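K.L.:
The structure follows.
The values are calculated or read from the model by the stated rules, or taken from the named source; none is laboratory data. What you are looking at is a predicted structure, and each value in this text was computed from that prediction instead of being measured. Ideal geometry is used to build each Cβ from the backbone, glycine not excepted, and the neighbour counts take in all protein chains shown. Each accessible area value is taken on the protein alone, full model and side chains, heavy atoms only, with ligands, DNA and RNA left out. Shrake-Rupley method; radii C 1.70, N 1.55, O 1.52, S 1.80 Å.
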Amino acid sequence: MGVPKTMRAVRIAEHGGPEVLELTEVAVPAPQAGEALVQVSAVALNNTDLWTREGAYGRPGDPKALSGWRGPIDFPRIQGADVAGRVVAVGADVDKSLVGRRVVVDPAIYDADGPDANPVGLMGSERDGGYAEYVTAPSERVHDVTESPLTDDQLATLPTAYGTALGMIERARLRAGETVLVSGASGGVGLALLQIARARGARVLAISSGSKIDSVREAGAHEVIDRARDIAEQVRAAAPEGIDVALDVVAGDLVSQGLPLLREGGRWVIAGALGGYNVTFDVRRLYLHNAQVIGSAMHTPTHFDLLMNLARQAEIQPVIAATFPLDQAVQAQEELARRSHVGKIVLHP
């Protein structure tokens, strides 16, 4: 079957609320040299979709500036970082055997070519993403997962949430037998952190609340900390000797409350600011206890390779909360913003 000339896509022409999401007909992008064209089977939603649309990332020296993931956005922009699909065409200098393969796209734009490069851009923010029937990507960022037993919906949940989680865990140097505290445990990154940390042999204390507590426990948490009660008190009761690692997507007051809970040499890794980005804490809790606060923005190419190996062996089992057709992207993002779900929300172009 040939590739059509046009496709449906959801894009934004400015920052704003859900109303700026526009379903439109655009040209199918042609793969350039070194690129592959992927027919999108599923695209998962992330908080970064909301914050990119809202322009909520700020800029160095101007935290309130409207901005995409790493700077001003070149509008109009097709949203969506997390793509699973099949390669239907390739550009020059790309192995044609990739055509027809089932793939997951690494959405990161890196600052270098090496295996430990840092992400400095993101598909759906700094380049067009997967809220569309087709998307192009550099061929080295297109990972063959044809043999994975995971569904396309499950595969689509992996790049940002599980990539972010694996990057946090790797930067935390998490070891078997350590006690780890996971914030935001019912969200996409939180569930990924819980699953991977447990698979690494860690004891997992997961923070959640309300009706989500049972789901988080069923997902594998050894202990669930109720966010509606005194978090520090509950952690002290569950881990009297302290925690080795905190994997935190909330930040805000949790950082100042939680740092004293770290054991000697503990690591607090932050990859989000759902609870607020203005943080204060007693710096003595760092230097007197050889503790570390570590920032973690997604993953490196090495981390993503590890993640794809997990996917091929189905050593992780992503949870799908809901699916929507592409023309209901507004409703899907509104559902994501309500944060009443457990797992990931997926669009079907």
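K.L.:
What list of ³J(HN,Hα) values in whole Hz, one per residue of the stretch 313-328 in order, does the Karplus curve 6.51 cos²θ - 1.76 cosθ + 1.60 (θ = phi - 60°) give from phi, with Gly and Pro shown as x?
P.N.:
For the stretch 313-328, the Karplus-derived couplings read 9, 6, 7, 10, 10, x, 9, 9, 7, 6, 10, 9, x, 4, 6, 10 Hz, x marking Gly and Pro.
K.L.:
Extension gain S340-E147, at 0.36 nm per residue separation less the Cα-Cα distance, in nm? All intermediate terms of the calculation are to be shown ahead of the outcome.
P.N.:
On the way: separation 193, 0.36 × 193 = 69.48 nm, distance 3.32 nm.
Working it through step by step, the gained length comes to 66.2 nm.
K.L.:
Given 0.36 nm per residue, what is the gain on full extension from A33 to D305 after removing their alpha carbon distance, in nm? Don't skip to the answer; put the middle values down first.
P.N.:
Working: separation 272, 0.36 × 272 = 97.92 nm, distance 2.28 nm.
The A33-D305 span can extend by a further 95.6 nm.
K.L.:
Sticking with this one: Once phi is turned into θ = phi - 60°, what whole-Hz ³J(HN,Hα) does the Karplus curve with 6.51, -1.76 and 1.60 give for every residue of the stretch 203-211, x standing for Gly and Pro?
P.N.:
8, 10, 9, 10, 8, 8, 7, x, 5
K.L.:
Could I ask something else about it? Once each part is reduced to its C-alpha centroid, what is the distance from the stretch 176-235 to the stretch 249-290 in angstrom?
P.N.:
Rounded to whole Å, the Cα centres lie 17 Å apart.
K.L.:
Turning to a different aspect of this structure: Please compute the modelled spin-label separation between H348 and R200, points set 7 Å along Cα→Cβ, answer in nm with one decimal.
P.N.:
Taking the simple label geometry, R200 and H348 are separated by 3.5 nm.
K.L.:
Also: If the only charges are +1 at each Lys and Arg Cβ and -1 at each Asp and Glu Cβ, what is the size of the charge dipole of the chain around the Cα centre, to the nearest 20 debye? Spell out each step's value before the answer.
P.N.:
On the way: 33 positive and 43 negative charges, 111 e Å.
Value, rounded to 20: 540 debye.
K.L.:
Which value, in debye to the nearest 20, gives the size of the charge dipole of the stretch 43-120 about its Cα centre, when Lys and Arg are +1 and Asp and Glu are -1 at the Cβ?
P.N.:
Details: 9 positive and 11 negative charges, 67 e Å.
Here the size comes out at about 320 debye.
K.L.:
Provide the packing ranking of 42-49, 18-25, 196-203, 96-103, i.e. peptides ordered by the mean count of other C-beta atoms within 10 Å per residue, highest first. If you can, show how the numbers build up before the last one.
P.N.:
On the way: 42-49: 27.1, 18-25: 13.4, 196-203: 19.0, 96-103: 15.0.
In decreasing order of mean packing, 42-49, 18-25, 196-203, 96-103 become 42-49, 196-203, 96-103, 18-25.
K.L.:
Run the simple label-point estimate for A117 and A232 please: 7 Å along Cα→C-beta, distance reported in nm.
P.N.:
For A117 paired with A232, the spin-label model returns 4.3 nm.
K.L.:
Taking the Cβ of F324 as the centre, find all other residues whose Cβ is under 13 Å away and add up their charges (Lys, Arg: +1; Asp, Glu: -1). Show your work: numbers first, answer last.
P.N.:
On the way: positive: K344; negative: D49, D153, D327, E334, E335.
Neighbour charge sum, excluding F324 itself: -4.
K.L.:
Can you tell me the dipole magnitude for the stretch 174-310 around its Cα centre, using point charges on the Cβ only (Lys, Arg +1; Asp, Glu -1), in Debye to the nearest 20? Present the calculation step by step, with values, prior to reporting the outcome.
P.N.:
On the way: 13 positive and 14 negative charges, 26 e Å.
With Lys and Arg at +1 and Asp and Glu at -1, about 120 debye.
K.L.:
Taking the highest mean first, how do the peptides 26-33, 305-312 order by number of other beta carbon atoms within 10 angstrom per residue? Don't skip to the end; give the middle numbers.
P.N.:
Details: 26-33: 15.2, 305-312: 18.2.
With the highest mean Cβ count within 10 Å placed first, the list reads 305-312, 26-33.
K.L.:
Under the 0.36 nm per residue contour assumption, what length would be gained going from the current alpha-carbon distance of E25 and Q331 to full extension?
P.N.:
Taking E25 through Q331 to full extension adds about 108.2 nm, to one decimal.
K.L.:
Separate question: Find which of G58, I12, V28 sits farthest along the positive direction of the dipole of the stretch 1-103, computed with +1 on the beta-carbon of Lys and Arg, -1 on that of Asp and Glu, about the Cα centre.
P.N.:
My answer, from the dipole projection, is V28.
K.L.:
Tally Lys and Arg at +1 and Asp and Glu at -1 over the other residues with C-beta under 14 Å from the C-beta of A165: what net charge comes out?
P.N.:
Numbers: positive: R171, R198, R200, K344; negative: D82, E170, D248, E315.
Local charge sum for A165: 0.
K.L.:
Using the Cβ atoms and a cut-off under 14 Å, what net charge is assigned to the surroundings of V94, where Lys and Arg are +1 and Asp and Glu are -1?
P.N.:
Details: positive: K96, R101, R141; negative: E35, D93, D95, E140, D144.
It works out to a net charge of -2.
K.L.:
Once ligands and nucleic acids are excluded and a 1.4 Å probe is used, how much of R171 is accessible, expressed in Å² to the nearest 10?
P.N.:
Roll a 1.4 Å probe over it and R171 shows about 60 Å².
K.L.:
Relative contact order for the stretch 154-212: what is it in percent, counting Cα pairs under 8 Å that are at least 6 residues apart? Can you show the working numbers first?
P.N.:
On the way: 75 pairs, mean separation 22.3, N = 59.
The normalised contact order for the stretch 154-212 reaches 38 percent.
K.L.:
Pairs of alpha-carbon atoms within less than 8 angstrom and 6+ residues apart define the contacts here; what relative contact order does the chain have, in percent? Don't skip to the answer; put the middle values down first.
P.N.:
Working: 853 pairs, mean separation 64.1, N = 349.
Relative contact order, the chain: 18 percent.
K.L.:
Another one. For a quick check: with amide H placed at 1.01 Å from N, whose amide H comes under 5 Å from I73's, ignoring anything fewer than 5 positions away on the same chain?
P.N.:
Excluding prolines and chain starts, which carry no amide H, the hits are G68.
K.L.:
Once amide H atoms are built 1.01 Å from N in the peptide plane, which residues 5 or more positions from A56, or in another chain, come under 5 Å H to H?
P.N.:
For A56, the qualifying residues are S67.
K.L.:
Is it possible to state the helix-based mean residue ellipticity at 222 nm for the chain, with each DSSP H run of 4+ residues giving -39500 (n - 2.57), the sum divided by total residues, to the nearest 500 deg cm²/dmol? What is it? Display every interim value, and only then the final one.
P.N.:
On the way: 10 runs with 82 residues, N = 349.
Computed ellipticity for the chain at 222 nm equals -6500 deg cm²/dmol.
K.L.:
Could you go through the stretch 17-34 in sequence order and give the Karplus-derived ³J(HN,Hα) for each residue, using 6.51 cos²θ - 1.76 cosθ + 1.60 with θ = phi - 60°, rounded to whole Hz, and x for Gly and Pro?
P.N.:
3J(HN,Hα) across the stretch 17-34, in whole Hz: x, x, 5, 7, 6, 10, 7, 9, 10, 9, 5, 5, x, 8, x, 7, 4, x.
K.L.:
Still on this structure: Counting only the backbone N, which residues of the stretch 197-220 are under 19 Å from the spot 7 Å out from the Cα of I294 toward its beta-carbon?
P.N.:
197-206
K.L.:
A further question on this structure: Sorting check: for 148-156, 207-215, 242-250, which peptide has the highest mean count of neighbouring beta carbons within 10 Å, and how do the rest follow? Intermediate values should be presented prior to the final figure.
P.N.:
Numbers: 148-156: 20.4, 207-215: 17.9, 242-250: 25.6.
Result, highest mean Cβ count within 10 Å first: 242-250, 148-156, 207-215.
K.L.:
In the chain, if the dipole is taken from +1 on Lys/Arg beta carbons and -1 on Asp/Glu beta carbons about the Cα centre, which of V182, A238, W268 is farthest to the positive end?
P.N.:
So the residue furthest toward the plus end is A238.
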